[in-house]
Amino acid sequence: MGRPVTNFDADLAELCKDMFETMYDAEGVGLAAPQIGLDLRLFVMDCDGIKLIAANPQIVESSGEQSSPEGCLSVGKVPAVVPRPMIARLRAQDELGEWFEREAEGYAARAFMHETDHCDGKLFIDHLPKMRREMVIKRFKKEKNWK
Ligand SMILES: [Zn+2]
């Protein structure tokens, strides 16, 4: 589990800018600080029309279900089908430290949960059954096409 973000200063704004650039370069829709080796509860995303910075994110509500392929820059984008709730409500702080809540459905809801998991030290493959998880890791090791 990462450390909470406590300093909402120019350094944080700069870091978020860098994270967006890294994410766009890698053609991802979200990037969490732990993915670039920072022990911080912070992510950026731009997915399905929702672009935001989330510091100290929490999923406060979720409902329904969806089961779609999910990928991750940390495992070379090898996709795997992960069941998730269909709708999720995110509570987080922006780069100025203001708390906000945002609800999303489908792909963007999936991104909320996926990136919040990263901040909690989890990878999406942790949601998979053991055999399926080992298959994804094996494919990942073979392809190693991540940045
Ligand atoms: Zn990821």
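Looking only at residues of the stretch 1-29 that are in a helix (DSSP H, G or I) and within 14 Å of E115 (Cβ to Cβ), we find that the one that is nearest to the ligand (Cβ to nearest atom) is M23. Take the conditions (1) open to solvent by 50 Å² or more (accessible area, probe 1.4 Å); (2) over 12 Å from the mean Cα position of the chain (by Cα); (3) within 22 Å of M23 (Cα to Cα); (4) in contact (Cβ under 8 Å) with a residue 24 or more places away in the chain; Q58 misses just one of them, which is (2).
Scanning the stretch 76-102 for residues that are in contact (Cβ under 8 Å) with a residue 40 or more places away in the chain, over 20 Å from M131 (Cβ atoms) and open to solvent by 80 Å² or more (accessible area, probe 1.4 Å) yields a count of 4.
Mind counting the residues in the stretch 76-103 that are part of a strand (DSSP E or B), touching a helix residue (DSSP H, G or I) at 6+ places or on another chain (Cβ under 7 Å) and within 16 Å of the ligand (Cβ to nearest atom)?
The number of residues fulfilling the criteria is 5.
Has the stretch 116-128 got at least one residue that is surrounded by 14 or more Cβ atoms within 10 Å (Cβ to Cβ), among the hydrophobic types (A, V, I, L, M, F, W, C) and more than 16 Å from the ligand (Cβ to nearest atom)? Within the stretch 116-128, not a single residue is surrounded by 14 or more Cβ atoms within 10 Å (Cβ to Cβ), among the hydrophobic types (A, V, I, L, M, F, W, C) and more than 16 Å from the ligand (Cβ to nearest atom). Against the list (1) modelled with pLDDT under 95; (2) among the small types (G, A, S); (3) open to solvent by 50 Å² or more (accessible area, probe 1.4 Å); (4) touching an Asp or Glu at 6+ places or on another chain (Cβ under 9 Å), the condition G64 fails is (1).
Within the stretch 30-47, restricting attention to residues that are at pLDDT below 95 and open to solvent by 40 Å² or more (accessible area, probe 1.4 Å), which residue is nearest to the ligand (Cβ to nearest atom)? Restricting to residues being at pLDDT below 95 and open to solvent by 40 Å² or more (accessible area, probe 1.4 Å), the top hit is Q35. Go through the stretch 129-140 and give me each residue that's open to solvent by 20 Å² or more (accessible area, probe 1.4 Å) and in a helix (DSSP H, G or I). Within the stretch 129-140, K130, M131, R132, R133, E134, M135, I137, K138, R139, F140 meet the criteria. For the stretch 66-75, check the following and say yes or no: at least one residue is within 15 Å of the ligand (Cβ to nearest atom), over 22 Å from W99 (Cα atoms), more than 13 Å from the chain's Cα centre (by Cα) and part of a loop (DSSP other than H, G, I, E, B). No, because not a single residue in the stretch 66-75 is within 15 Å of the ligand (Cβ to nearest atom), over 22 Å from W99 (Cα atoms), more than 13 Å from the chain's Cα centre (by Cα) and part of a loop (DSSP other than H, G, I, E, B). List the residue pairs whose Cβ atoms are under 6 Å apart, where the first residue sits in the stretch 27-41 and is more than 18 Å from R110 (Cβ to Cβ), the second is open to solvent by 70 Å² or more (accessible area, probe 1.4 Å) and not β-branched (V, I, T), and the two are 6 or more positions apart or on different chains. Short answer, once both residue conditions are applied: D39/R3; L40/R3; R41/P4.
The values are calculated or read from the model by the stated rules, or taken from the named source; none is laboratory data. Just so we're clear, the structure is a prediction, and the values are computed from it rather than from any experiment. Note that we place each Cβ from the backbone using ideal geometry, even for glycine, and neighbour counts take in every protein chain shown. Side chains included, ligands, DNA and RNA excluded: accessible areas come from the protein's heavy atoms. Shrake-Rupley method; radii C 1.70, N 1.55, O 1.52, S 1.80 Å.
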